[in-house]
1. Within 23 Å of residue 24 (Cα to Cα), free of Cβ contacts under 8 Å to residues at least 40 places away in the same chain and in a helix (DSSP H, G or I): is that true of residue 126 in this structure?
2. Can you tell me how many residues within the stretch 4-63 are within 15 Å of the ligand (Cβ to nearest atom) and of a type in the set (Gly, Ala, Ser)?
3. For residue 166, are the conditions met, namely being part of a loop (DSSP other than H, G, I, E, B), among the basic types (Lys, Arg) and within 11 Å of the ligand (Cβ to nearest atom)?
4. Does the stretch 129-146 contain any residue that is in a strand (DSSP E or B), of a type in the set (A, V, I, L, M, F, W, C) and touching a Phe, Trp or Tyr at 6+ places or on another chain (Cβ under 8 Å)?
5. Just to be sure, is residue 114 of a type in the set (Gly, Ala, Ser) and either farther than 20 Å from residue 65 by Cβ or touching a helix residue (DSSP H, G or I) at 6+ places or on another chain (Cβ under 9 Å) (or both)?
6. Return the pairs, sorted by first residue and then second, in which the second residue is away from the ligand (no atom under 11 Å from the Cβ) and aliphatic (A, V, I, L, M), the first residue lies in the stretch 86-112 and is in contact (Cβ under 8 Å) with a residue 12 or more places away in the chain and within 21 Å of residue 160 (Cα to Cα), the beta carbons are less than 6 Å apart, and the residues are 6+ apart or on different chains.
7. Please state which one of 46, 77 is at pLDDT 95 or above and among the hydroxyl-bearing types (Ser, Thr, Tyr).
8. Which is at pLDDT 95 or above, outside any helix (DSSP H, G or I) and either crowded, with 16+ Cβ neighbours inside 10 Å or of a type in the set (S, T, N, Q) (or both), of 6, 54, 40?
Amino acid sequence: MQKPYVIDEMISAKSIAARLEELCREIHDEFQGTDKLVVVGLLRGSFVFIADLVRELDLPIEVDFLEASSYGDGMESSREVRILKDLRGAIEGRDVLVVEDIVDTGHTLHHVTGLLKSREPARLKTIALLDKPSRREVDMKADWTGFEIPDEFVVGYGIDFAQRNRNLPYIGKVRFT
Ligand code: IMP
């Protein structure tokens, strides 16, 4: 049975929206003139972030999704990354932006970018809403990061704890009571 917990707000919905605007200006500068950017969301945690991100981007885009194995129902990374659902489209010669919710140990983004690079995109960039640098186990940093956070387990804005709390409009940290 799940231990009882409360959620303390850490990053407000307003702060997320303001940071997203800044990030999208930089992404726009990077990709302006692109034929059609492929925005790849890593399921499931990035689904809210990618929805807000693409609506803020004034660029021709396609959206695709990839699902990698993650924490399951626990709080610990499995480290061994498996692809559960691959992209629908080919990315060879295309400009690609990979959208991740959190870079934690770094294994997921490291594995996914390695896989996608082997498909020879013209350009491959990465964005993560959150980064927990103190937890890193492999050398990995997204090209753009929304917020660096301490080693706390967080939920909301698409991110879950055992499949719960994805629908919170803000990022909160889990505190067991
Ligand atoms: P990594 O492979 O250790 O970098 O983990 C990346 C994935 O772990 C993220 O995409 C999340 O799905 C999950 N994750 C990492 N930290 C948290 C957290 O604080 N809350 C919920 N999921 C997390």
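1. Details: within 23 Å of residue 24 (Cα to Cα): yes; free of Cβ contacts under 8 Å to residues at least 40 places away in the same chain: yes; in a helix (DSSP H, G or I): no.
It is false that residue 126 is within 23 Å of residue 24 (Cα to Cα), free of Cβ contacts under 8 Å to residues at least 40 places away in the same chain and in a helix (DSSP H, G or I).
2. 3
3. Values: part of a loop (DSSP other than H, G, I, E, B): yes; among the basic types (Lys, Arg): yes; within 11 Å of the ligand (Cβ to nearest atom): yes.
The answer is yes for residue 166.
4. Quick first cut of the stretch 129-146, residues in a strand (DSSP E or B) only: 129-131, 144-146.
Cutting the leftovers down to of a type in the set (A, V, I, L, M, F, W, C) gives us 129-130, 144.
Now narrow it down to the ones that are touching a Phe, Trp or Tyr at 6+ places or on another chain (Cβ under 8 Å): 129-130.
The answer is yes, given that some residue of the stretch 129-146 is in a strand (DSSP E or B), of a type in the set (A, V, I, L, M, F, W, C) and touching a Phe, Trp or Tyr at 6+ places or on another chain (Cβ under 8 Å).
5. On the way: of a type in the set (Gly, Ala, Ser): yes; either farther than 20 Å from residue 65 by Cβ or touching a helix residue (DSSP H, G or I) at 6+ places or on another chain (Cβ under 9 Å) (or both): no.
The answer is no for residue 114.
6. Between residues of the stretch 86-112 that are in contact (Cβ under 8 Å) with a residue 12 or more places away in the chain and within 21 Å of residue 160 (Cα to Cα) and residues that are away from the ligand (no atom under 11 Å from the Cβ) and aliphatic (A, V, I, L, M), the close pairs are 98/40; 99/50; 99/127.
7. Values: 77 fails: at pLDDT 95 or above.
Within the list 46, 77, the selection yields 46.
8. Working: 6 fails: either crowded, with 16+ Cβ neighbours inside 10 Å or of a type in the set (S, T, N, Q) (or both); 54 fails: outside any helix (DSSP H, G or I).
Sole residue among the options that is at pLDDT 95 or above, outside any helix (DSSP H, G or I) and either crowded, with 16+ Cβ neighbours inside 10 Å or of a type in the set (S, T, N, Q) (or both): 40.
The values are calculated or read from the model by the stated rules, or taken from the named source; none is laboratory data. As the structure is a computational prediction, the values presented were derived from the model and not from experiment. Don't worry about glycine lacking a Cβ; one is built from the backbone with ideal geometry, like all the others, and counts go over all protein chains shown.
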